[in-house]
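The values are calculated or read from the model by the stated rules, or taken from the named source; none is laboratory data. Here the structure is a predicted model, which means the values were calculated and not measured. No Cβ is skipped: glycine too gets one built from the backbone with ideal geometry, and neighbour counts run over all protein chains shown. Quick note on the areas: whole protein, heavy atoms, side chains included, nothing else; ligands and nucleic acids left out. Shrake-Rupley method; radii C 1.70, N 1.55, O 1.52, S 1.80 Å.
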Amino acid sequence: KARCFEPLLRGASRRRSSGGSTNEHWPPLRPAAMSAYPEDQARLLDEASAIVKEQAHYLKRAIQDNNTRDALKHASNMICELRTSQLSPKNYYELYMMVFQEMQHLHGYFEDKTRHGRKMVDLYESVQHAGNILPRLYLLATVGSAYIKTGDAPAKDILKDVSELCKGVQHPLRGLFLRYYLSQMMKNKLPDLGSEYEGEGGTMEDAFDFVFSNFEESNRLWVRMQHQGPARDKAKREKERHDLRVLVGGNLVRLSQLDGMKVDYYCATALPRILDHITSVKDLMSQQYLFESVTLVFPDEFHILTLEQLLMAYAKAHPGVDMKPIVVALMNRLSKFLTETETGREAIANTDVFTMFRTHLSSIIERNLPGGAAAAGGEQALPDLKPCLEIQAAFMAFTNSLYPGNIGYVDLILGSMADLLRRNCTIGSLGGETGGQVVELLTGPLKSLSLSVLDMEHYPTLLEFLDLSCRKDVAQAMVKIITEDNHPLSSLESVNSLFRFISSLIRDEADAAPVREDKETFEKEQQLVAKLPHQIRSDDIDECFQMVTAVRGFFGQGGPKRLCYTLPSVFYTSMSLLPRLRAVEARRQAGEEIPAPVLTAKKVFQFIHKTITALQQNSAEISLNLWLVAAGAADKADAASGNPGSFEAICYEFLTQAMMCFEDEITETSKQFQLIFTLVGTLTQITCLEPENYDALSQKITQKGARLLKKHLQCRAVATCSHLFWCDAKREGKRVLECLQKCLKIADAHVQSDPSAAGLWVDMLDKYIYYYEVGVEEVQIGFVQSLVNLCEEHVSFAEKDSASAEAGAKARAHLKETIGYLRSCKKCSDPEVASRWADLVIDA
């Protein structure tokens, strides 16, 4: 029996019926070139597949007849097709799968001793007489698997023997697939812990040695594939080699599945040997793939206990290996394990994961920074910092997940990156993808730390290396976090720090390029910044006012183009202090012993006055509306003060400023027309003004309405101004009637020249009906009756005129609705209402 375990590479005792070659020597000096033409590949694969199918047919027939000799012969002939060097790896894999499936029939036949009637030792020896080494070893692996199954020989001996014999094939592609076949055939025949083959068949050490040896040999063959063929096809070969990586990684998967792969064994034996092999093979693709595979296939508990070993191995990797996906994958797995499992939480309590990562990441990053290659002109080229920054950004996210709120750890990471940038670039130079990575690094801790990042030593330092565009990205991220997550600005120091940090958004920076900025982008930036004043919150009203004042100072640095977006929010934030002041005063009057704030309502109104004045030169329309809002606030303050007239002067000042703004700044007729409605609407709600002040303002507004350039606008504006004389502050029917009569004169003159304006008569009818209903004595039912008749006359005329027919139809529809309303008033169930309209005559 002993002789069958001697690794003998026997000579050619048989040949294929179609002819065959002798032993395949190691390594082949001139491997046949792979065909470069796709049509040749298809033809070659079809020819080989046809032979495989033919020999498989004869193989199955021999198995049915229990003819071992013929079965081995046809199996050998079938396997010989795998000796080709002309197929691409992809097509070779297809051919291999066909052979593998057919060989399973032979394997099942060998396992059934009642069919072939031979001793396994004799069968094991006989297959070693195959004429070519490749069929010989495929058959040996097949018989060896069945041999182990019978238990006639120790598994460890057969595993070692077959593994050593397989070294006889050193052609990279053929050898790699042979190793893969060996792994597949022996995966359930290992003397693993608790398996049926443990004991006399071997131990866990033997199982590990077999799989690890197969892994080493597979990796070496895989690496050597890059040297097969001409240099011009190297890129193609690398892609094909990449597609075959699972043939190597499958061995690591099998190692991780061993029942005997316990934590102690992994830490002391398995991982050190695996890492030694990976780092010893100086191939980029191999190290990249195998480092990633180690992270993926072994449990997280193993990784946390061997973290030091892993990180040390990463530092020894080839400088060309992209460590980002490897390190990020490890961090992601550990983060989930350490934060979501009880075992992980215990591990993090006993292990300084942050310090371990930080120590080794420095060496991992430095290995990619040789100091920059010499550029043209003798200058030093800027090294590619993107991979380093990506790793640090991942480390930042990892740290925030493990140690949320730990500002010290975050600042240490930022400090490392600041040192790196200080050595390799200049202030304000980073942009593009590299700058984007720094932006990601800076925005990472914002979600969990918010304004606390401003207290860090290195956070502002790192920001200085970015160009303007990237600084704006970081600033916008900061503002979004504060506003969307509703973080309060509760101290003057935090406001000053924040606005200094986001200075790129609120003013023109020194390094701003003289290019035309996209208006939409600029508006979005300023609208975002304008949300910040609303985040000012403090129980101390005086402190709130100090913060609002500071914000206005920062916004004032932004220049005229920004003020129209930012100052309105400052205005409304300061307005919110007024009800708080009234509430404090009410509590003090109720007897509560609380300190009186230094701030007063009049100081707030002074602040508001200065704010709107600064805005008026750049945005008159917005300013006018703010003047009117401020006037309304002053009127409410006067009503709540208990001392009527105490805020009358302030209210009148705001209204006067609004009128001055209207007269001096608003020149477009359509805007003047719209703002008259706003002015009238505000003034009719004001009750604190002295009569002469009210009359002066209402007279000015009415005059402005009457002076509009277009007659139809004049008519409607004066009609609107009539409400100034019938409201809470004024009840003067005579002035109302004067306004309405002026409107009728304007309408009559305009409709005479333009019949399409007949709708003005219906508008005036609506006004007369309104004032008659609210009890203006000067407006009589007879006026309504006359207007109904005039409307009918003018609308009918407009309908008949082809030039004004469309406008006449609209006026008719309006008039119809108004007449319907009047009919409902005449038929009202309320006797008082019906009696007021009884004298009105409406045609059926």
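Does region 825-840 contain at least one residue that is aromatic (Phe, Trp, Tyr) and surrounded by 13 or more Cβ atoms within 10 Å (Cβ to Cβ)? Break it down stepwise before answering.
We begin by selecting, within region 825-840, every residue aromatic (Phe, Trp, Tyr); these are 837.
When the remaining residues are screened for being surrounded by 13 or more Cβ atoms within 10 Å (Cβ to Cβ), the result is 837.
Among the residues of region 825-840, at least one is aromatic (Phe, Trp, Tyr) and surrounded by 13 or more Cβ atoms within 10 Å (Cβ to Cβ), which makes the answer yes.
Counting only residues that are open to solvent by 20 Å² or more (accessible area, probe 1.4 Å) and charged (D, E, K, R), region 167-188 holds 2 of them. Tallying residues that are more than 46 Å from the chain's Cα centre (by Cα) and either of a type outside the set (D, E, K, R) or open to solvent by less than 20 Å² (accessible area, probe 1.4 Å) (or both) within region 190-211 yields 14. Across region 765-791, the number of residues qualifying as of a type in the set (Val, Ile, Thr), open to solvent by 20 Å² or more (accessible area, probe 1.4 Å) and in a helix (DSSP H, G or I) comes to 1.
Restricting attention to region 212-257, and to residues there that are acidic (Asp, Glu) and either outside any helix (DSSP H, G or I) or within 16 Å of Gln170 (Cβ to Cβ) (or both), which single residue is farthest from the chain's Cα centre (by Cα)? Step through it out loud before you land on a result.
Our first condition is that a residue be acidic (Asp, Glu); within region 212-257, this holds for 216-217, 233, 238, 240, 243.
With the extra rule that they be either outside any helix (DSSP H, G or I) or within 16 Å of Gln170 (Cβ to Cβ) (or both), the set shrinks to 216-217.
Details: Glu216: 41, Glu217: 43 Å.
This residue is Glu217.
Taking the criterion of being surrounded by 15 or more Cβ atoms within 10 Å (Cβ to Cβ), under 17 Å from Val788 (Cβ atoms) and not small (Gly, Ala, Ser), the residues of region 799-824 that qualify are Glu799, Arg812, His814, Leu815, Thr818, Ile819, Leu822. The condition of being without any contact (Cβ under 8 Å) to a residue 60 or more places away in the chain and assigned to a helix (DSSP H, G or I) holds for only one of Asp206, Asp152, that being Asp206. The single condition among (1) open to solvent by 50 Å² or more (accessible area, probe 1.4 Å); (2) among the aliphatic types (A, V, I, L, M); (3) within 24 Å of Ala329 (Cβ to Cβ); (4) modelled with pLDDT under 85 that Leu389 does not satisfy is (1). Taken residue by residue, region 588-609 has no member that is of a type in the set (Val, Ile, Thr), assigned to a helix (DSSP H, G or I) and open to solvent by 20 Å² or more (accessible area, probe 1.4 Å). Would you check if Ser280 is hydroxyl-bearing (Ser, Thr, Tyr), in contact with a helix residue (DSSP H, G or I) (Cβ under 9 Å, 6 or more places away or on another chain) and within 26 Å of Tyr181 (Cβ to Cβ)? Taking the combined requirement at face value, the residue does not satisfy it.
Yes or no: region 62-84 includes at least one residue that is modelled with pLDDT under 95, more than 25 Å from Ser145 (Cα to Cα) and not hydrophobic (A, V, I, L, M, F, W, C). Taking every residue of region 62-84 in turn, at least one turns out to be modelled with pLDDT under 95, more than 25 Å from Ser145 (Cα to Cα) and not hydrophobic (A, V, I, L, M, F, W, C).
Can you find a residue in region 753-764 that is among the charged types (D, E, K, R), within 30 Å of Ala803 (Cβ to Cβ) and either at pLDDT 95 or above or part of a helix (DSSP H, G or I) (or both)?
Residues of region 753-764 that are among the charged types (D, E, K, R), as a first pass: 754, 763.
Subset that is within 30 Å of Ala803 (Cβ to Cβ): 754, 763.
Next cut, either at pLDDT 95 or above or part of a helix (DSSP H, G or I) (or both) only: 763.
Yes, region 753-764 contains a residue that is among the charged types (D, E, K, R), within 30 Å of Ala803 (Cβ to Cβ) and either at pLDDT 95 or above or part of a helix (DSSP H, G or I) (or both).
Counting only residues that are closer than 14 Å to Gly408 by Cα and not charged (D, E, K, R), give me the helices (runs of 4 or more DSSP H) lying completely in region 439-489 with at least 2 of them. Before you say what the answer is, go through the steps one by one.
On the way: elements: 446-449, 459-463, 468-484.
Hits in region 439-489: 446-449.
If I go through region 522-581 residue by residue, how many of them are of a type in the set (Asp, Glu) and under 24 Å from Pro597 (Cβ atoms)? The total comes to 4. Of the residues making up region 325-335, those that are under 17 Å from Ile365 (Cβ atoms) and buried (at least 17 other Cβ atoms within 10 Å of the Cβ) are Ile326, Val327, Val328, Leu330, Met331. The set of residues in region 825-844 being more than 14 Å from Leu787 (Cα to Cα), assigned to a loop (DSSP other than H, G, I, E, B) and of a type in the set (A, V, I, L, M) consists of Ala838, Ala844.
Listed here are the residues, each with its yes/no results for (1) in contact with an Asp or Glu (Cβ under 7 Å, 6 or more places away or on another chain); (2) of a type in the set (Val, Ile, Thr); (3) surrounded by 16 or more Cβ atoms within 10 Å (Cβ to Cβ); (4) within 18 Å of Phe337 (Cβ to Cβ).
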{"site": "Leu275", "(1), (2), (3), (4)": "no, no, yes, no"}
{"site": "Ile278", "(1), (2), (3), (4)": "no, yes, yes, no"}
{"site": "Asp283", "(1), (2), (3), (4)": "no, no, yes, no"}
{"site": "Gln288", "(1), (2), (3), (4)": "yes, no, yes, no"}
{"site": "Val294", "(1), (2), (3), (4)": "no, yes, yes, yes"}
{"site": "Thr306", "(1), (2), (3), (4)": "no, yes, yes, yes"}
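Taking region 212-237 as the range and being among the small types (Gly, Ala, Ser) and open to solvent by 30 Å² or more (accessible area, probe 1.4 Å) as the test, the residues that pass are Gly229, Ala231, Ala235.
Here the condition is being under 25 Å from His105 (Cβ atoms), outside any helix (DSSP H, G or I) and of a type outside the set (S, T, N, Q); of Leu176, Leu190, it holds for Leu190 alone. Against the condition touching a residue at least 24 places away in the same chain (Cβ under 8 Å), open to solvent by 10 Å² or more (accessible area, probe 1.4 Å) and touching a Lys or Arg at 6+ places or on another chain (Cβ under 7 Å), how does Glu164 come out, does it pass? No. Taken together, the residues in region 639-670 that are charged (D, E, K, R) and open to solvent by less than 10 Å² (accessible area, probe 1.4 Å) amount to 0. As a summary of the residue check, Gly681 satisfies the conditions (1) over 15 Å from Cys721 (Cβ atoms); (2) open to solvent by 30 Å² or more (accessible area, probe 1.4 Å); (3) not hydrophobic (A, V, I, L, M, F, W, C) except for the one numbered (1). Scan region 698-713 and give yes if some residue there is under 28 Å from Ile819 (Cα atoms) and of a type outside the set (D, E, K, R), otherwise no. Yes, that holds for at least one residue. Filtered by the rule that a residue be free of Cβ contacts under 8 Å to residues at least 24 places away in the same chain and among the acidic types (Asp, Glu), region 696-737 gives a lone residue, Glu732.
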